[in-house]
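Each remark here refers to the structure printed beneath this line.
Here, each number is a calculation from the coordinates, and none is a lab measurement. Predicted model, so just to flag it, every value in this text is computed and none were measured. No Cβ is skipped: glycine too gets one built from the backbone with ideal geometry, and neighbour counts run over all protein chains shown.
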Amino acid sequence: MIDAALLESTALALVTGIIAALIGGSLGGVVTGGKALGVELAAFMGSFYGIVSGTTGVALGLAAVSYLR
């Protein structure tokens, strides 16, 4: 049986991690490629790649924590 508090904290960590990856990727894209690609395209591409890698990292981190628990 899954504990409700554990499920809630896991969902909160996943959502928070995805939002942080989205914002971080967008800002990173603007900083690294804003001048060459234009700010809007760089932010779009950065947020896409940020959320792809961020979601994977958060999911692997949560899996590792639940395994070690």
Check your understanding: Counting only residues that are within 14 Å of the chain's Cα centre (by Cα) and small (Gly, Ala, Ser), which one in the range 30-59 is nearest to Ala11 (Cα to Cα)?
Key -> Ala59
Practice item. Take the range 31-67 and flag every residue that is surrounded by fewer than 12 Cβ atoms within 10 Å (Cβ to Cβ) and among the small types (Gly, Ala, Ser). Key: Ala36, Ala63, Ala64, Ser66
Review point. Of all residues in the range 1-30, which are exposed (fewer than 12 other Cβ atoms within 10 Å of the Cβ) and of a type in the set (Val, Ile, Thr)?
Key: Ile2, Val15, Thr16
